[in-house]
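Some notes on the structure that comes next.
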Amino acid sequence: MQTVDTVLKKHSNALGFSTYSYKQNQVWKGSLESISFEQSAIKEKLMVLDKPCYIVQVAGRIGVTNEGYLSPVAHGTTAQVELLTFVPPIRIQQLGDPNFLSSHGVKYAYVTGAMAGGIASEEMVIALGKQQILSSFGAGGLTPERLEAAINHIQQALPQGPYAFNLIHSPNEPAIERRAVGLYLKYQVTTVEASAFLDLTPNIVYYRAAGLSLNDANQIQIKNKVIAKISRREVATKFLQPAPAKILKELVEQRLITELQATLAAKVPMADDITVEADSGGHTDNRPLVCLLPSMIALRDDIQSQYHYQTPVRVGVAGGIATPQSALAAFMMGAAYIMTGSINQSCIESGACEHTKKLLAQAEMADVMMAPAADMFEMGVKLQVLKRGTMFPMRAQKLFELYRTYDSIEDIPLAEREKLEKQVFRKSIAEVWEGTAAYLSQKNPEKLGKAVNNSKLKMALIFRWYLGLSSRWSSSGEKGREVDYQIWCGPAMGSFNDWVKGSYLSEPKNRRVVDVADQIMTGAVFLYRIQSLKIQGLQIPNYYSQYHPCSTRLES
């Protein structure tokens, strides 16, 4: 019986490579001229991803080649070149779930998520879509007119897709959801990214069910695809299961969907894809990805075993994805796709202003904090924002403390009110309320009526005036309001900046969303190759195993 010592053999060379390789039952055959022994040439060979990579030893020197072929060892012969180990070719398309690629008509399992207020802009969606990369338009907080214009613009540029539009949960203003769904159905937007949902609403169920039908083979056709962004198991469960019978019944009674569609909706999950959102910018529960993703995959598997869907729900990840290392980690944990967010906000196509992009490009991992959210302020919901270069998070937190402590604006001590007017609002509280009331009289007169007789609600609406405008100032580049910019951002932004330091992507003016996507995905594939070699016993010096953004793409 052989011992490990007789099977393993150590090899090393002056360039720092060393390996314990198993005795091979194959030999490498090819031209010796194709083998590289110099440092820079070896790195180039390792980065040729669409060809196999052979690690060989010739006359005591370890080299690398992408050429040649493997042949069985012939008994009684000694090969001039000793094969130490090898890895097959690998392409970007091999990462993630191939069903994700075919379902959405994309070239690889990478998505850019929606950033509200059009920060995930038409330009961003179109630039990525033209390269067959899925991107979600940031519809949250936009007027129906602005959203309708965006739909027309994107559909004109991408008549065959791919693209998605955000459908953000609005528990305090359900009419916003209804109007968005109405536009998506009117213009046949066939993919939505559902985000910030606390529970299923009739609006998201209506969108899903309205796109169901049977084909000629009597199979269920799902026209309206849903990508649900979630971070809690209880919410994930709702999207992994079929739509609630009660909501379907109500939609049938309202003649919004047919009896057949209600029947079909009871047989398919509410979502095609679940994006597990870890520690991200904006709305987040700050969950660690390495704990959250395995839990959600196990939940998906449990529900799949119960319902036996023809196509299981795919589980992707968002939050913390900003480098090839984080992307590869997600794929190795079983992610069907990855979704990026904060890093795209610093790109040329982003709807953020230039000042905001510069702040983001300077951010470090610790330059973020949680602050009250405008859309769910009264509920105490928070979101993650940039704290470097802005006073917004501290000022927003102060507003929430005042709201929690007092029952009305009038109850707040005079000195505090004067501080709000001079430092935060920069106008009188009366002027803020006048503007708020004028807005609500047009957009939500019912809420205005409630606020007149509810001093606590009135105070919340006054505070939400600042919270709501601060994010718009960041997008529009409001002069003089830079210290009040609300910039949604997660720690991934700092990780990305560390990775691109010294490369062409370090400057915001060079950051294009397609380039960022290509570099992250190509880097992830390269690192997979390196890890595959390491697992086989090859000890690789850091020079060869690092991937830095390069000015030209390595693979298409």
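Assorted remarks:
- Over the chain, relative contact order from alpha-carbon pairs under 8 Å, at least 6 apart, %: 15 percent
- Subtracting the Cα-Cα distance of GLU434 and LYS479 from their residue separation scaled by 0.36 nm leaves 13.9 nm.
- At most 15 other Cβ within 10 Å, DSSP loop - GluC sites (Glu not before Pro), region 336-409: GLU364
- Label-point gap, in nm, between SER102 and MET391 - each point 7 angstrom along Cα→Cβ: 5.8 nm
- Ordering SER40, SER135, SER103 by accessible surface, largest first, gives SER40, SER103, SER135; the 1.4 Å probe counts only protein heavy atoms, with every chain in place.
- Measuring nothing but protein heavy atoms, the accessible surface of the chain at 1.4 Å probe radius is 51 percent carbon and sulfur.
- Nitroxide proxy distance, nm - points 7 Å out along Cα→Cβ at GLN188 and MET365: 4.7 nm
- Cut-off 15 Å between beta-carbons: net charge of the residues surrounding VAL58, Lys and Arg +1, Asp and Glu -1: -1
- Area accessible to solvent at LYS382, 1.4 Å probe radius, in Å²: 70 Å²
- Probe 1.4 Å, accessible area per residue of the chain, Å²: 44 Å²
- For the residues HIS548, HIS104, a 1.4 Å probe over the protein chains yields an accessible-area ranking, largest first, of HIS548, HIS104.
- Loop-resident sites, region 26-92, for GluC sites (Glu not before Pro), counting at most 16 other Cβ within 10 Å (DSSP): GLU38, GLU67
- Extended-chain gain in nm, criterion 0.36 nm per residue less alpha-carbon gap, LYS427 and ASP50: 129.6 nm
- Chymotrypsin sites (Phe, Trp or Tyr not before Pro) restricted to DSSP loop in region 190-288 with at most 16 other C-beta within 10 Å: none
- Rolling a 1.4 Å probe over the protein heavy atoms leaves ASP301 with an accessible area of roughly 80 Å².
- For TRP465, the accessible surface of its heavy atoms amounts to roughly 50 Å² (probe 1.4 Å, protein chains only, rounded to the nearest 10).
- Relative contact order (%) - region 184-319, alpha-carbon pairs under 8 angstrom, separation at least six: 25 percent
- Counting only DSSP beta bridges with both residues in the chain, the antiparallel share comes to about 55 percent.
- Between the helical axis of 144-157 and the longest alpha-carbon principal axis of the chain there is an angle of about 30 degrees.
- Label-point gap, in nm, between GLN310 and ALA217 - each point 7 angstrom along Cα→Cβ: 0.7 nm
- Local charge for ILE176 was computed over the other residues whose Cβ lies under 15 Å away, with Lys and Arg +1 and Asp and Glu -1, and equals 0.
- Value at 222 nm in deg cm²/dmol, rounded to 500, when DSSP H runs of n ≥ 4 in the chain each add -39,500 (n - 2.57): -12000 deg cm²/dmol
- Net +/- balance of residues flanking ASP285 in space, Cβ distance below 14 Å, scoring K and R +1, D and E -1: +2
- Which labelled figure in (i) 191; (ii) 202; (iii) 136 is volume of the Cα convex hull per residue in Å³, once derived from the coordinates: (i)
- Applying 1/(1 + (r/R0)^6) with r as the Cβ-Cβ distance of GLU418 and GLU173 and R0 = 35 angstrom yields a FRET efficiency of 0.65.
- Cα gyration tensor, region 135-233 - rounded (a/c under 1.5), prolate or oblate: oblate
The values are calculated or read from the model by the stated rules, or taken from the named source; none is laboratory data. Being a predicted model, the structure only gives us computed values, none of them experimental. As a convention, Cβ positions derive from the backbone with ideal geometry for all residues, glycine included, and neighbour counts pool all protein chains shown. Please note that ligands, DNA and RNA were not included when accessible areas were found on the heavy atoms of the full protein model with its side chains. Shrake-Rupley method; radii C 1.70, N 1.55, O 1.52, S 1.80 Å.
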